[in-house]
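Notes to accompany the following structure.
Laboratory data are not the source of any read-out in this text; all were calculated from the coordinates shown. Since the structure is predicted, the reported quantities are computational estimates derived from the model, not experimental observations. A quick note on method: Cβ atoms are made from the backbone with ideal geometry, for glycine too, and the neighbour counts reach across all protein chains shown.
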Amino acid sequence: MEVLRTARLRLRWFEPADAPQVLALLNDPGWIANIYDSEVRTETQAVEWMTQRLMARYWHLGYGFWAVERLEDGAFLGLCGVIKRDGLDHPDIGYGFLTRHWGHGYAREAAAATFAYCRQVLGMRHVMGTTGPENLASGRVLLAIGMDDRGVHQTQAHEGPSRVFEWIDERPADAAAEIAALRLRWREALTRPDRLCTFSACVTPEVSARWVTGREDFSAAAYRALVRQHAALADDAGLLAVPTALGWRLALP
């Protein structure tokens, strides 16, 4: 399922068929040095890793880490996206690319598009990013897209210290405007194919957790079927909007 495009890139949901590419990425020296060693060594393990770390989050959050492909030839470059990580108070942007594709500006292009998507599509008011203290290249990407360097801190999300980057919408919060924007996103998720993947980002975590718990099929086809089940609610003004740690969300019955 496609999420967004840039001048050179396509960002889309991962799927089981991406196992060979994911296996290569997770064992890339740059990934292991700058992110971590997942100890994924087979394609079967890669599918399990994708299911737990990537695909389930699409259903639970309505966003996540997406596959990055080059539009020119469809080549797999790496991943980029945004997640809500345990141990961080707000969603954070992350990315990782195969070493052979470094130096072409792909990370900056994908991260900038993700940052715009967070603000303009998902309505986020507070976005973070973290890097290893010595990973200056990744830090430059986050600075370049408009985030501020908050220094090195120990977070609950990482074992060692991290350099923390942050962007905050300084405009005063307006609950009525945010709820109106939420209802518009809800309607678009149910009526526009290019916004369908934001469906889960419109509902409370309790609701999306019901969809994820015990599920084995996290395919795009199953997700589309779930969206179709709720199509009649696109313009239902009676749905209750409630504040959550992730912002305003709809509490579906």
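Once C-alpha pairs closer than 8 Å and six or more residues apart are averaged by separation and normalised to the residue number of region 178-251, the relative contact order reads 39 percent.
Of the residues Ala234, Thr213, Ala17, the one whose Cα sits farthest toward the positive end of the charge dipole of the chain, with +1 on the Cβ of Lys and Arg and -1 on the Cβ of Asp and Glu, is Ala234.
Evaluate region 178-251: find the radius of gyration of its Cα atoms, find its Kirkwood radius, and give the ratio Rg to Rh. Let's see the in-between values first.
Values: Rg = 11.9 Å, Rh = 12.6 Å.
My calculation of the ratio gives 0.95.
Charge dipole (Cα centre; +1 on Lys/Arg Cβ, -1 on Asp/Glu Cβ; no other charges) of the chain amounts to roughly 540 debye.
Translational diffusion of the chain was estimated from the Stokes-Einstein equation, with Rh taken as the Kirkwood radius over Cα pairs; at 20 °C and 1.002 mPa s the coefficient is 114 µm²/s.
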